[in-house]
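Accompanying notes for the structure given below.
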Amino acid sequence: MHAITIPEPGGPEALVWDEVPDPVAGEGEVLVDVVATAVNRADILQRQGFYDPPPGTSPYPGLECSGRVAEIGPGVSGWAVGDEVCALLSGGGYAEKVAVPAGQLLPVPEGIAVDRAAGLPEVVCTVWSNVFMVAHLRPGETFLVHGGSSGIGTMAIQLAKAVGAKVAVTAGTREKLERCAELGADVLINYREQDFVAELREATGGKGADVILDNMGAKYLDRNVQALAVNGRLVIIGMQGGVKGELNIGALLAKRAAITATTLRARPVEEKAAIVAAVREHVWPLVSGGHVRPVIDREIPMPDAAQAHRIVEDSSHIGKVLLVTPS
Ligand SMILES: NC(=O)c1ccc[n+]([C@@H]2O[C@H](COP(=O)([O-])OP(=O)(O)OC[C@H]3O[C@@H](n4cnc5c(N)ncnc54)[C@H](OP(=O)(O)O)[C@@H]3O)[C@@H](O)[C@H]2O)c1
């Protein structure tokens, strides 16, 4: 098969479409003929040499894919050759074939084309596990997501609205904020021109956000704590603003607030399977029912992965950028 390899870490040109050995479906795994994968920020870090794949996983980038089941490994039931699926991966999505633990497979939801389903697993699993399984966002609560037009943001807005939360977003341009509003966001904050703490206070009568999903890490730590409501929950999933910050513990105590930080890729197979099962139960009916949809910026042929990385690094996209295998 062909896959995107990274012979030497570096810029987008480090991504090379090359012939490599086919993967094999091991015990408890399914082999998928990949139709599409999606670019995640983690792939850029992997390309640059800052985020090695977990031990025992594929060396190729790609944390999600969609496609068709090609082969069933030993000990797997419930799937058949030819099934249209999408999957959460620990790596290996930028390839014509990938071996996936069966617990990380999902059927392509009703009404969604198989290629577009590649834009769902990583964002849905990340948002569901953090905003709902960890932070327990409830109907009527206020939810702030930073980077509202990102892959994660576009899904977080839709899922939070689907459960009846009030949604605030930050983004860097008016056009991106407008797209967030189309997805249901109620409070639109341009992080280049406005202070999100002040804007959120005004929008909530001084109360603040019950749950914040943060991509910035250190840079926003202090202001995120300021923006939290009493009993608020801050979940950090990204470090785009650095890794070391100063925490005002007094402010956290006074608010009886909680801070959690998680990463999906490094979790054991069983934990990923539990998240995927929860997503299938709670989110898939919303997708099939047309309440939640993948937001796809564009599709690019997989051999041109470098072009897709440039787009995501420039942040000129809204939602997900897909890489489609050549037919
Ligand atoms: N921990 C996990 O398991 C996990 C899983 C998936 C993703 N993530 C993280 O989640 C984040 C989003 O991922 P993605 O793939 O959806 O990324 P993405 O589409 O590349 O989006 C990155 C976002 O960051 C926003 N941003 C940049 N500077 C900002 C600032 N000062 N304030 C607020 N927002 C700012 C950008 O907004 P503008 O374009 O408007 O500037 C953009 O929306 C990334 O940090 C990623 O690493 C974590």
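The values are calculated or read from the model by the stated rules, or taken from the named source; none is laboratory data. Bear in mind that the values here come from a model prediction, so they are computed numbers and not experimental data. Here Cβ is always computed from backbone atoms with ideal geometry, including for glycine, and neighbour counts include all displayed protein chains. Keep in mind that these areas ignore ligands, DNA and RNA; they rest on the heavy atoms of the full protein, side chains included. Shrake-Rupley method; radii C 1.70, N 1.55, O 1.52, S 1.80 Å.
Observations, loosely collected:
- Residue ranking by accessible heavy-atom surface, 1.4 Å probe, largest first, among Met133, Met1 comes out as Met133, Met1.
- 10 Å Cβ shell holding at most 16 others, DSSP loop, trypsin sites (Lys or Arg not before Pro): longest site-free stretch of the chain: 1-191
- Glu281/Glu193 FRET efficiency (R0 35 Å; Cβ-Cβ; nearest 0.05): 0.30
- For the chain, the carbon plus sulfur part of the accessible surface works out to 51%, probe radius 1.4 Å.
- About the Cα centre, charge dipole magnitude for the range 124-261 (Lys/Arg +1, Asp/Glu -1 at Cβ), debye: 260
- Spacing of the modelled spin labels on Glu19 and Glu110, each 7 Å from Cα toward Cβ, amounts to 4.4 nm.
- Choice from Gly290, Gly232, Gly67 showing the highest fluctuation, given a GNM over the chain with Cα pairs closer than 10 Å: Gly290
- Dipole moment magnitude, nearest 20 debye, the chain about Cα centre, only Lys, Arg, Asp, Glu C-beta charged: 1340
- Only beta bridges with both residues in the chain are counted; by DSSP, about 55 percent of them are antiparallel.
- Asp83-Met133 FRET efficiency (beta carbon distance; Förster radius 41 Å; 0.05 resolution): 0.95
- Computed over protein heavy atoms with a 1.4 angstrom probe, the accessible surface ordering of His309, His2, His291, His136, largest first, is His291, His136, His2, His309.
- Taking the chain as a Gaussian network of alpha-carbon nodes connected by springs under 10 Å, the highest mean-square fluctuation of the residues Ile72, Ile249, Ile44 belongs to Ile249.
- Over 32 Å (Cα to Cα) - which of Lys207/Lys272; Lys161/Lys219; Lys97/Lys166; Lys97/Lys244; Lys97/Lys176; Lys166/Lys255 fall in this group: Lys207/Lys272; Lys97/Lys166; Lys97/Lys244; Lys97/Lys176
- Values of log10 I(q)/I(0), in the order q = 0.18, 0.20 Å⁻¹, for the range 124-261 under a Debye, Cα-only, solvent-free model: -0.94, -1.19
- Average Cα contact separation per residue, the range 216-266, under 8 Å, 6 or more apart, as relative contact order %: 47
- Accessible heavy-atom area order of Met239, Met216, highest first, probe of 1.4 Å: Met239, Met216
- The convex hull defined by the C-alpha atoms of the chain has an orientation-averaged projected area of 15.7 nm².
- The chain: calculated mean residue ellipticity at 222 nm from DSSP helix runs of at least 4, using -39500 (n - 2.57): -8000 deg cm²/dmol
- 11 Å beta-carbon shell around His309, net charge (K/R +1, D/E -1): -2
- Förster-model FRET efficiency, 35 Å R0, Leu253 and Glu313, C-beta, rounded to 0.05: 0.35
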